[in-house]
Amino acid sequence: MSLKTFLEKLLPFLFNAVERAYDQLPQSEKDALVKSGQFGQIIKTELTNGYNAIVKVSADKLGLKPAEVDLLLTSLAKEMSINISKPSDIIDALQSKVNAGLTNSGWDSLWTTISGQLAIIVTGGSVSWPTLALGLIEFVYQKFIQPKA
């Protein structure tokens, strides 16, 4: 059996295990994971439109006030060791990464990092990196966030 075939058979099992782990989380943590994933997706899809677009779409889709968006962006910058003087600076820093030729898989990895850090921020640390390492970010993305084709 090839590695690819083995992984294809293993991944549905892992996805089911992650779903069971997600189902056991308190509702507040589930909501925070989804909200942080949605905010991460807004950053990803609106990045080229800039800070103001991210603030507007976050208000429209998530009901976040500009001050809440600023707090999330400032906290995210701190967790990602990105030095900023104002919340919009993190958008510029991420845009620089994309402009430098970030590949799709690189973006996916960056999105996972962003969404994972946001999950920790939004839950006040009740969701930890070991928990997220189980694949909860990918599960939440696949089940609740990924745009349907």
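Observations
- Options ALA93, ALA100; residue that is open to solvent by 30 Å² or more (accessible area, probe 1.4 Å), modelled with pLDDT of 85 or more and over 15 Å from the mean Cα position of the chain (by Cα): ALA93
- Looking only at residues of the range 60-69 that are open to solvent by 40 Å² or more (accessible area, probe 1.4 Å) and assigned to a helix (DSSP H, G or I), we find that the one that is nearest to GLN117 (Cα to Cα) is GLU68.
Per-residue answers, yes or no, for (1) buried (at least 20 other Cβ atoms within 10 Å of the Cβ); (2) assigned to a helix (DSSP H, G or I); (3) modelled with pLDDT under 75; (4) among the small types (Gly, Ala, Ser):
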{"position": "ASN52", "(1), (2), (3), (4)": "no, yes, no, no"}
{"position": "LYS86", "(1), (2), (3), (4)": "no, no, no, no"}
{"position": "ASP108", "(1), (2), (3), (4)": "no, yes, yes, no"}
{"position": "LEU118", "(1), (2), (3), (4)": "yes, yes, no, no"}
{"position": "ALA133", "(1), (2), (3), (4)": "no, yes, yes, yes"}
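- Residues that are modelled with pLDDT of 70 or more and hydroxyl-bearing (Ser, Thr, Tyr) within the range 1-39 comprise TYR22, SER28, SER36, listed in sequence order.
- ILE42 being modelled with pLDDT under 95 and either closer than 24 Å to GLU29 by Cβ or among the basic types (Lys, Arg) (or both): yes
The values are calculated or read from the model by the stated rules, or taken from the named source; none is laboratory data. All values derive from a computational prediction rather than experimental measurement. Cβ sites come from the backbone with ideal geometry, for glycine too, and all protein chains shown count toward neighbours. Please note that ligands, DNA and RNA were not included when accessible areas were found on the heavy atoms of the full protein model with its side chains. Shrake-Rupley method; radii C 1.70, N 1.55, O 1.52, S 1.80 Å.
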